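The values are calculated or read from the model by the stated rules, or taken from the named source; none is laboratory data. The structure presented is a predicted model; accordingly, all values stated were derived computationally and were not measured. A quick note on method: Cβ atoms are made from the backbone with ideal geometry, for glycine too, and the neighbour counts reach across all protein chains shown. Each accessible area value is taken on the protein alone, full model and side chains, heavy atoms only, with ligands, DNA and RNA left out. Shrake-Rupley method; radii C 1.70, N 1.55, O 1.52, S 1.80 Å.
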Amino acid sequence: MELKQYLKERKEFIDGIIYNFLPDKPAYGTKLYEAVEYSLTVGGKRLRPILCLAGCEIAGGKLDDAVPVAVALEMIHTYSLIHDDLPAMDNDELRRGHPTTWKKFDEATAILAGDALLNRAFEILAEWDFSPEIKIEVMKEIGKAAGMRGMVLGQQCDMEAEGRSDVSLDELKYIHKHKTGALITASVVSGAVVGGANKESLKALRRYGELIGYAFQIVDDVLDVVGDESKLGKKVGSDLENNKVTFVTIFGVEGAKKEAVKAIDEAIESLKLFKKEKREPLEKIARFIVEREF
């Protein structure tokens, strides 16, 4: 399997269907819909929906069954980015080489666009024509990962840690396990639930998700120091400007790289109970996470 082609095809697949899951534009309030569409248009690599589809397939499920879940995950991820970029949060004006939603429209519209995407995601899951038991399990998994026991909690902890020099490694891991890792983990696990994974498989895939989520954040921290702004499509050096303790602060650049690679090695090891041909996409995605820029 050639990873670049795999990721390209999966991204194009998601790009080609995600707008079909948006409702028709209303007679009034169309600016909200324009902001939602814009935010989805400037999407990145669609990693979370790709992980969801791969999680379904490694468990033996059909890709089409997991599509609504994959789309819902991307909408939730997009909502989180819209809100993260707001002046009250990270105050970012550029994302993926484009103006952030609040900068393109206005703050109030950006807040509402994020709200709209979050609620639409769960509307899609509620309307999804699938086993009620699996629907409930998937919605619980994603709701926990996205909400006050997951991503939202992580964002709050991250804001409270800003400007503090006493943030420990344990606290930093806690922050990013929730802020970054929770939705990445839920992407893999929810796809596997759709695919009919047993408890042992789900445990292994949860471990995989947690480890690649950890590595993903470490790489982000490294790229904020040594990344190419023109390639990243966003400003670098913001962590330093905001006096944030990061994995680079604790490990140094080279130490952080080694820590990320170690996490990826452990993530790949967690997949050993699956057949080689089944686990190949997730293994290569894991490697991609640490090799994307260094």
Q: Within 10 Å, count the other beta carbons around each residue, average over each peptide in 192-198, 89-95, and list them highest first.
A: 192-198, 89-95
**Q.** Pairwise label distance in nanometres, E12 with D265, each label 7 Å out on the Cα-Cβ vector
**A.** 3.6
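Nothing charged except the Cβ atoms of Lys and Arg (+1) and of Asp and Glu (-1): what's the magnitude of the dipole of the chain about its Cα centre? Round to the nearest 20 debye. Before the final figure, lay out each step's value.
Working: 42 positive and 50 negative charges, 165 e Å.
Rounded to the nearest 20 debye, it is 800 debye.
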**Q.** Alpha carbon centroid spacing (whole Å) that separates the range 172-232 from the range 80-111
**A.** 23
Q. Order of 156-169, 96-109 by packing, highest average Cβ count within 10 Å first?
A. 96-109, 156-169
Q: Please work out the Cα center distance from the range 243-294 to the range 45-75, rounded to the nearest Å.
A: 20
Q. Rounded to two decimals, what ratio of Rg to Rh does the range 21-143 give with C-alpha atoms and a Kirkwood Rh?
A. 1.00
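If you count, for each residue, the other Cβ atoms within 10 Å and average over each peptide, how do 26-37, 204-215 line up from highest to lowest? If you can, show how the numbers build up before the last one.
Details: 26-37: 14.0, 204-215: 24.9.
Ranked by mean Cβ neighbours within 10 Å, highest first: 204-215, 26-37.
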Q) Which label marks the calculated value of Kirkwood radius over Cα pairs in Å, given the options [x] 22.1; [y] 20.0; [z] 19.3? A) [z]
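Hey, if we sort Y19, Y174, Y6 by accessible area with the 1.4 Å probe, largest down, what's the order?
Working: Y19 85, Y174 105, Y6 30 Å².
I get Y174, Y19, Y6, largest accessible area first.
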